[in-house]
Amino acid sequence: MQNRHHQLSIWLIVVFTVLQLVILFTFGYTPYPDSEGYLLFANDAVLHSEPYPVTVCLNQYDFLWNIGAINSVAFSLYLFHSYVPLLVLYSLMKGVTAWFFYGVTKKITNQHIAFIALILYIIYPANYGEGTSLLSELPFMFFIMMGLYFSLVRNWFFLGGMMLAVANWFRPMAIVFLLALLIYYLLKWQKSGRLFIGYLTVIIILGSLSYYRTGLFLYQAKSGWMALTDYSTCHSPESMQIKERTDWNVAQKDSAWRSLFFDWLKDHPKEYISQMPRKLVNTYVSDNVNMCTFIPDKAEKEYMYEEVSLGTLIRCFPHYSPVQWLTLLNLFIYYVFLAMAFASLFYFKKENCLFAISVIVLGTLMLLFVGHGEARFHIPFMPFIMMLSAVFSSQTIWKE
């Protein structure tokens, strides 16, 4: 039975990967606002023949965006004069991520739960079409899952830590997964130490290369304090003044936003705490973002999200377009996953659930304390919600 599950899993992942490519060439590029922003900065980097951030532009940037994501686009533009090869690579990476997810789940649970988790991963509509955009979530999760696979399955802890740091270069959330691994390997200092040293090694390499080129030790995005100030405080005018300071570089602006936020926090701690329930709701209320892949004429849409937003679905009921019916199906499956993941706590076993719960709890706390609440932000936690859903399914629905 185990060999049969393993062989079937490989075929499912192959089909899943091929479908990613079919969707890419059928529905084309998806122009999310952030994706378009990455493209703009990448073109600028190619123009200056220098990686992002470009040295002469350090005082012009309002903030530092996801470095790895932008440089990946720039590399594709430099080599091929097109971002399409990168989209093909991202689509293939999505398939390999499914393999890493299967392997990690099998290691920390068992073959049966891992097979169920893979089925859930593959049937979820939102897992299709990510490779049609240049957003950072897909490469981030690829390197996160690679780091987890190296650490948990192969016991290559140094390499695992390095891959987590590479993921952090694409999106500054890898600390969540590093901490979850440290919790999982609590009191196993040799393993934890190698993880941390691997992580720190890549941070030092990336930061040193940046320092040599720009004079600033830059190894991840610097946008969090700006977003937290703009969304959580009443300092929008002061925040705009920071953006307009051309005599400050991007690191100095980031420090100014941090100071502005903490100055506000000293006088408004209750307001800061009271915002957290809203952030939690905004983060988990829906999972419709990737449905933009399937919107007709998406390049011409002034506000692409509107057709698949939760508010639009409520207003238009029951008169839906095909993509809205798909979005509704995706939303239903998403809520089922959330319910199953929560119900899995009744069947809690440390070896099956601890790691996934650690990722979700630590990640959610990070978003509540230093985030501002967007549905996109929970995407890195979805594989672990599915992992818990598979634990529930194995106990109640799909018993071995």
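The values are calculated or read from the model by the stated rules, or taken from the named source; none is laboratory data. Since this is a predicted model, take the numbers as computed values, not measurements. Virtual Cβ from ideal backbone geometry, glycine too; neighbours counted across all protein chains shown.
Given the criterion in contact with a Pro (Cβ under 9 Å, 6 or more places away or on another chain) and among the aromatic types (F, W, Y), identify the matching residue among F196, F177, F158, F217.
Details: F196 fails: in contact with a Pro (Cβ under 9 Å, 6 or more places away or on another chain); F158 fails: in contact with a Pro (Cβ under 9 Å, 6 or more places away or on another chain); F217 fails: in contact with a Pro (Cβ under 9 Å, 6 or more places away or on another chain).
It is F177.
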From the option list V281, V336, single residue qualifying as hydrophobic (A, V, I, L, M, F, W, C), touching a Gly at 6+ places or on another chain (Cβ under 9 Å) and part of a helix (DSSP H, G or I) is V281
Looking only at segment 263-271, decide whether some residue is touching a residue at least 60 places away in the same chain (Cβ under 8 Å) and buried (at least 16 other Cβ atoms within 10 Å of the Cβ).
no
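Give the residues of segment 193-231 that are hydroxyl-bearing (S, T, Y), at pLDDT 95 or above and not in a helix (DSSP H, G or I), sorted by residue number. Break it down stepwise before answering.
Restricting attention to segment 193-231, the residues satisfying the condition of being hydroxyl-bearing (S, T, Y) are 199, 201, 208, 210-212, 214, 219, 223, 229, 231.
Now narrow it down to the ones that are at pLDDT 95 or above: 199, 201, 208, 210-212, 214, 219.
Within segment 193-231, Y219 is the sole residue that qualifies.
Any residue at all in segment 81-88 that's crowded, with 17+ Cβ neighbours inside 10 Å, more than 22 Å from the chain's Cα centre (by Cα) and under 23 Å from A174 (Cβ atoms)? Break it down into steps so the answer makes sense when it comes.
Of the residues in segment 81-88, the ones crowded, with 17+ Cβ neighbours inside 10 Å are 83, 86-87.
Those still in the list that are more than 22 Å from the chain's Cα centre (by Cα) too: none.
Scanning segment 81-88 turns up no residue that is crowded, with 17+ Cβ neighbours inside 10 Å, more than 22 Å from the chain's Cα centre (by Cα) and under 23 Å from A174 (Cβ atoms).
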Residues within segment 313-327 that are at pLDDT below 90 and under 18 Å from R376 (Cα atoms), tallied:
0
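Name the single residue that is nearest to D254 (Cα to Cα) among those in segment 48-63 being hydrophobic (A, V, I, L, M, F, W, C) and in contact with a helix residue (DSSP H, G or I) (Cβ under 9 Å, 6 or more places away or on another chain). Break it down stepwise before answering.
Restricting attention to segment 48-63, the residues satisfying the condition of being hydrophobic (A, V, I, L, M, F, W, C) are 54, 56-58, 63.
From what's left, in contact with a helix residue (DSSP H, G or I) (Cβ under 9 Å, 6 or more places away or on another chain): 54, 57-58, 63.
Values: V54: 17, C57: 15, L58: 12, F63: 7 Å.
Checking each candidate, the answer is F63.
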Quick test of your reading of the structure: E271 fulfils all but one of (1) over 18 Å from L64 (Cβ atoms); (2) at pLDDT 90 or above; (3) in contact with a Ser or Thr (Cβ under 8 Å, 6 or more places away or on another chain). Name the failing condition by number.
(3)
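Would you point out which residue out of L388, L367, L313 is touching a residue at least 40 places away in the same chain (Cβ under 8 Å), over 20 Å from L120 (Cα atoms), buried (at least 17 other Cβ atoms within 10 Å of the Cβ) and touching a Ser or Thr at 6+ places or on another chain (Cβ under 7 Å)? Step through it out loud before you land on a result.
Values: L388 fails: over 20 Å from L120 (Cα atoms); L313 fails: touching a residue at least 40 places away in the same chain (Cβ under 8 Å).
Going through L388, L367, L313 in turn, the sole match is L367.
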Give all pairs with beta carbons closer than 7 Å in which a residue from segment 125-141 that is charged (D, E, K, R) meets a residue that is not in a helix (DSSP H, G or I); count only pairs at least 6 apart in sequence or on separate chains.
E137/R171
Note on Y29: of the conditions (1) aromatic (F, W, Y); (2) without any contact (Cβ under 8 Å) to a residue 60 or more places away in the chain; (3) under 24 Å from E302 (Cα atoms); (4) not in a helix (DSSP H, G or I), unmet is (2)
If you scan segment 49-98, which residues turn out to be touching a residue at least 24 places away in the same chain (Cβ under 8 Å), assigned to a helix (DSSP H, G or I), closer than 20 Å to S208 by Cα and hydrophobic (A, V, I, L, M, F, W, C)?
I67, A69, I70
Is one or more of the residues making up segment 353-364 over 22 Å from the mean Cα position of the chain (by Cα), over 22 Å from I122 (Cβ atoms) and either surrounded by fewer than 22 Cβ atoms within 10 Å (Cβ to Cβ) or not basic (K, R) (or both)?
no
Yes or no: L19 modelled with pLDDT of 95 or more, of a type in the set (A, V, I, L, M, F, W, C) and within 27 Å of F101 (Cα to Cα)?
yes
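Going by the structure shown, is K298 among the basic types (K, R), surrounded by fewer than 20 Cβ atoms within 10 Å (Cβ to Cβ) and under 26 Å from T105 (Cβ atoms)? Reasoning before the result, please.
Values: among the basic types (K, R): yes; surrounded by fewer than 20 Cβ atoms within 10 Å (Cβ to Cβ): yes; under 26 Å from T105 (Cβ atoms): no.
No; evaluated as a whole, the condition is false for this residue.
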Consider V46 carefully, then state whether it is of a type in the set (A, V, I, L, M), without any contact (Cβ under 8 Å) to a residue 40 or more places away in the chain and surrounded by fewer than 21 Cβ atoms within 10 Å (Cβ to Cβ).
yes
Taking the stated definitions as given, is F384 of a type in the set (A, V, I, L, M, F, W, C) and modelled with pLDDT under 95?
no
Kindly indicate whether L354 is at pLDDT 90 or above and farther than 23 Å from R376 by Cβ.
yes
What pairs come up if the first residue lies in segment 326-353 and is in contact (Cβ under 8 Å) with a residue 24 or more places away in the chain, the second is acidic (D, E) and buried (at least 19 other Cβ atoms within 10 Å of the Cβ), and their beta carbons are under 9 Å apart, counting only those six or more places apart or on different chains?
T327/E307; N330/D287; L331/D287; I333/D287; Y334/D287; F337/D287
So F377 passes all but one of these: (1) more than 24 Å from the chain's Cα centre (by Cα); (2) closer than 22 Å to R171 by Cβ; (3) not β-branched (V, I, T). Which condition number does it fail?
(1)
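Checking the conditions here, which among Q111, Q60 is closer than 20 Å to L216 by Cα, at pLDDT below 95 and of a type in the set (S, T, N, Q)? Give the steps one after another, and end with the answer.
On the way: Q111 fails: closer than 20 Å to L216 by Cα.
Checking each option against the conditions leaves just Q60.
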Please list, ordered by first then second residue, the pairs with beta carbon atoms under 6 Å, 6 or more apart or interchain, first in segment 208-225 and under 19 Å from R171 (Cβ atoms) and of a type outside the set (D, E), second surrounded by fewer than 15 Cβ atoms within 10 Å (Cβ to Cβ) and modelled with pLDDT under 95.
G224/V370
